[in-house]
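The structure appears below as structure tokens.
The values are calculated or read from the model by the stated rules, or taken from the named source; none is laboratory data. Here the structure is a predicted model, which is why all the values come from computation and not from measurement. Heads up, the Cβs are rebuilt from the backbone with ideal geometry, glycines too, and the neighbour counts pull from every protein chain shown.
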Amino acid sequence: MKINRLTSLFMISFMMLFVLNPLTTSCSSNPNGNEPNIDRPVGPAANPDDSISESFQWSKYEVPVHVSSDTVWQLQPISDEFNYRSSYTDLNQEFTKRWKDYYPAQWDGPGITSWKKEMVSVAEGYLRITASRPTDALYEELTMPDKTKESFQQTYTGCISSLSLVTYPVYVEACAKLSKSTLASDVWMLSPDDTQEIDIIEAYGGDRSETSATQSYWATRLHLSHHLFIRHPFADYQPLDDGTWYTDGKGTKWADDFHRVGVYWKSPTHLEYYVDGYLVRTVDGMDIIDPKGFSGGTGLVKGLHIIINEEDQEWRTVRGLSPTQEELSNQEDVTFFVDWIRVLKPLQK
């Protein structure tokens, strides 16, 4: 998600290949109306004491990763059900022992995004990240597709990041309801030096698009990808195959309900992506993990922060896909809800 102007131009080119009381449902009930496809051995879950409370919201969902029968899943302390209240003026200890209420560094977001602590709260069992654009918001100058310059007012939204780093092997799964807007709803992981990234959820829940022909394109897709960066001079690698944009073939709009999206980071060269308990994408081998050698031959090996945020991404802003003031006035539609996030490591019994 951390992108500069070169990355934005890359994303624009890439995307052009593909285009010519509201919370009554949560991940405690499968929003698709069917059960996860678990027809293979699955290791039992376990906390650091090798037993896991059935009171966790995620307890009814077995970890869908295929592991040996002598493997247990150890719940990591970063896991969070968000069953407490917290705000930027009154941060709860349950929040502060896991999260920083901002990005890991001092960067304030891509393009016209401006992360503000007041845009993040925890209430009624959900992490809530919302958005606004005050009349006195500052302006940012962006380069348009025709190379001209145009100024846009900033979009205020929120970001949190884990205090601890996640390392492989690990399964990270979030139950979330996308913002029903042109903003990106994101759960992702990034190394402290900004060179290795794994995206768990990156999606655009709103129906509005730049042409009528693509009105439902973004709303029906989840971006399942990873990045490797070189910072000086800047270069960005991510896979470009069709599988990076997942759609279930049923026209599901991912912002309509809560869904579970998880990544099993098995090794430096192996990632598995799961949606509502189904394995939907596997990325395996250095030829797709890092064919350009940006990692120096190691693959994905660095510890990663978990980051949850919303973004007004530059490549979308310049295509007319920044939320309008009218859209931002509907707080429900511009809010990204996270019900829970669980982080588990596989251990031999």
Item to complete: Could you grab me the full set of residues in the stretch 111-120 that are part of a strand (DSSP E or B) and over 14 Å from D80 (Cβ atoms)?
Response: T113, S114, W115
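Identify, please: which residue in the stretch 291-311 is within 21 Å of the chain's Cα centre (by Cα) and charged (D, E, K, R) and is, among those, farthest from S185 (Cα to Cα)?
K302
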Worksheet item: Taking the stretch 176-188 as the search range and keeping residues that are under 10 Å from I201 (Cα atoms) and of a type in the set (A, V, I, L, M, F, W, C), which one is surrounded by the fewest Cβ atoms within 10 Å (Cβ to Cβ)?
Response: V187
Discussion item. Being assigned to a loop (DSSP other than H, G, I, E, B), aliphatic (A, V, I, L, M) and over 26 Å from F56 (Cβ atoms) is the filter here; which residues of the stretch 161-188 pass it?
Written reply: L183
Item to complete: Can you work out which of the residues in the stretch 203-261 that are charged (D, E, K, R) and in contact with a Leu (Cβ under 8 Å, 6 or more places away or on another chain) is nearest to R316 (Cα to Cα)?
Response: E210
Discussion item. Where the second residue is surrounded by 10 or more Cβ atoms within 10 Å (Cβ to Cβ) and the first is among the hydroxyl-bearing types (S, T, Y) and lies in the stretch 138-149, which pairs have Cβ atoms under 7 Å and are six or more apart or on separate chains?
Written reply: Y139/S151; Y139/F152; Y139/Q153; T143/R5
Discussion item. Looking at E314, E326, E310 in this structure, which one is over 17 Å from H226 (Cβ atoms), of a type outside the set (G, A, S) and surrounded by fewer than 21 Cβ atoms within 10 Å (Cβ to Cβ)?
Written reply: E326
Practice prompt. Give the stretch 333-349 a look and list any residue that's under 19 Å from the mean Cα position of the chain (by Cα) and not in a strand (DSSP E or B), or say none.
Written response: D333, V334, T335
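Please enumerate the residues belonging to the stretch 142-160 that are hydroxyl-bearing (S, T, Y), in a strand (DSSP E or B) and surrounded by fewer than 19 Cβ atoms within 10 Å (Cβ to Cβ).
Correct list: T143, S151.
Restrict the check to the stretch 16-34 and report whether at least one residue is at pLDDT below 95, among the aromatic types (F, W, Y) and under 30 Å from E314 (Cα atoms).
Yes, the stretch 16-34 contains a residue that is at pLDDT below 95, among the aromatic types (F, W, Y) and under 30 Å from E314 (Cα atoms).
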Worksheet item: So which of V301, V261, V280 ends up being in a loop (DSSP other than H, G, I, E, B), on the phi < 0 side of the Ramachandran plot and out of contact with any Cys (no Cβ under 8 Å at 6 or more places or on another chain)?
Response: V301
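Among the listed residues R85, R98, which satisfies the condition of being surrounded by fewer than 17 Cβ atoms within 10 Å (Cβ to Cβ), at pLDDT 95 or above and closer than 16 Å to V122 by Cα? Reasoning before the result, please.
Values: R98 fails: surrounded by fewer than 17 Cβ atoms within 10 Å (Cβ to Cβ).
The match here is R85.
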Practice prompt. Kindly provide the set of residues from the stretch 110-120 that are among the small types (G, A, S) and crowded, with 23+ Cβ neighbours inside 10 Å, ordered by number.
Written response: G111
Practice prompt. State whether one or more residues within the stretch 252-273 are over 15 Å from the mean Cα position of the chain (by Cα) and modelled with pLDDT under 95.
Written response: no
Worksheet, complete the sentence: Inside the stretch 238-258, the number of residues satisfying the requirement of being part of a strand (DSSP E or B) and not hydroxyl-bearing (S, T, Y) is 1
Discussion item. Tell me whether the stretch 202-216 contains one or more residues that are of a type in the set (K, R), crowded, with 20+ Cβ neighbours inside 10 Å and outside any strand (DSSP E or B).
Written reply: no
Discussion item. For the list (1) within 25 Å of T324 (Cα to Cα); (2) of a type in the set (D, E); (3) within 22 Å of the chain's Cα centre (by Cα); (4) not in a loop (DSSP other than H, G, I, E, B), I need the number of the one condition that D108 fails.
Written reply: (4)
Worksheet item: Mind checking whether some residue in the stretch 56-72 is in a loop (DSSP other than H, G, I, E, B), in contact with a strand residue (DSSP E or B) (Cβ under 6 Å, 6 or more places away or on another chain), hydroxyl-bearing (S, T, Y) and under 30 Å from T269 (Cα atoms)?
Response: no
